[in-house]
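Heads up, the thing below is written out as structure tokens.
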């Protein structure tokens, strides 16, 4: 299992997200868990979100509301994933994502997913500038 801890803290509060996942060959043979959500990015890249798990007051599952932010991050590094992957058809598997709602902003999932992929496939992650808007009390992510 590949773990990545994403964090940004430029104010009184920060964003802290732990990603846990795997990579592998995508087999389109129906062998994936029927409860998984599979998103096809291209013929040779697929994202698999594992079924929910709950653990106390933390979100330790891949919530469907979070998928679009994670997919956006993977899309931004899709070419790098395919280039560095040893697989003909690559599966990017997200097992769980842990965060506290007190230290969270959904846009952090995008950058965190990019960084997780860079770690998993051993490439340099494109830089995303992050600033804090005090008036809006939120982080601003430059695409």
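No lab work stands behind these numbers, since they all come straight from the coordinates. Predicted, not measured: the structure shown is a model, and the values here were computed from it. All Cβ positions, even for glycine, are placed from backbone atoms using ideal geometry, and neighbour counts span all protein chains on display.
Can you tell me which of 133-142, 74-83, 96-105, 3-12 comes out highest on packing, and rank the rest after it, using the mean Cβ neighbours within 10 Å?
So the peptides 133-142, 74-83, 96-105, 3-12, ranked by packing, come out 74-83, 96-105, 3-12, 133-142.
Could you give the distance between the Cα centres of the range 1-28 and the range 84-109, to the whole Å?
Using only Cα atoms to place each centre, the spacing works out to 5 Å.
What is the distance, in nm, between label points placed 7 Å from the Cα along the Cα-to-Cβ direction at residue 36 and at residue 1?
In this crude spin-label approximation the distance works out to 1.6 nm.
Would you calculate, for the chain, the mean residue ellipticity at 222 nm contributed by helices, counting each DSSP H stretch of 4 or more residues as -39,500 (n - 2.57) and dividing by all residues, to the nearest 500?
Counting only the DSSP helices, I get -7500 deg cm²/dmol.
Against the longest alpha carbon principal axis of the chain, how many degrees, from 0 to 90 and to the nearest 10, is the axis of helix 107-121 turned?
Compared with the principal axis, the helix lies near 40 degrees.
I'm checking a number: the convex hull volume of the Cα atoms of the chain, normalised per residue, in Å³. What is it?
Value for the chain: 105 Å³ per residue.
What shape does the range 97-143 take by its C-alpha gyration tensor, where a ≥ b ≥ c are the square roots of the eigenvalues and a/c under 1.5 counts as rounded, a/b above b/c as prolate, and the rest as oblate?
oblate
Helix 64-76 sits at what angle to the longest principal axis of the chain, using alpha carbons and giving 0 to 90 degrees rounded to 10?
The helix 64-76 is inclined about 80 degrees to the chain.
Using a Förster distance of 22 angstrom, determine the FRET efficiency expected from the C-beta separation of residue 101 and residue 29, and round it to 0.05.
0.05
Could you check what % of the DSSP bridge pairs in the range 2-141 are antiparallel, to the nearest 5?
For the range 2-141, the DSSP antiparallel bridge percentage is about 85.
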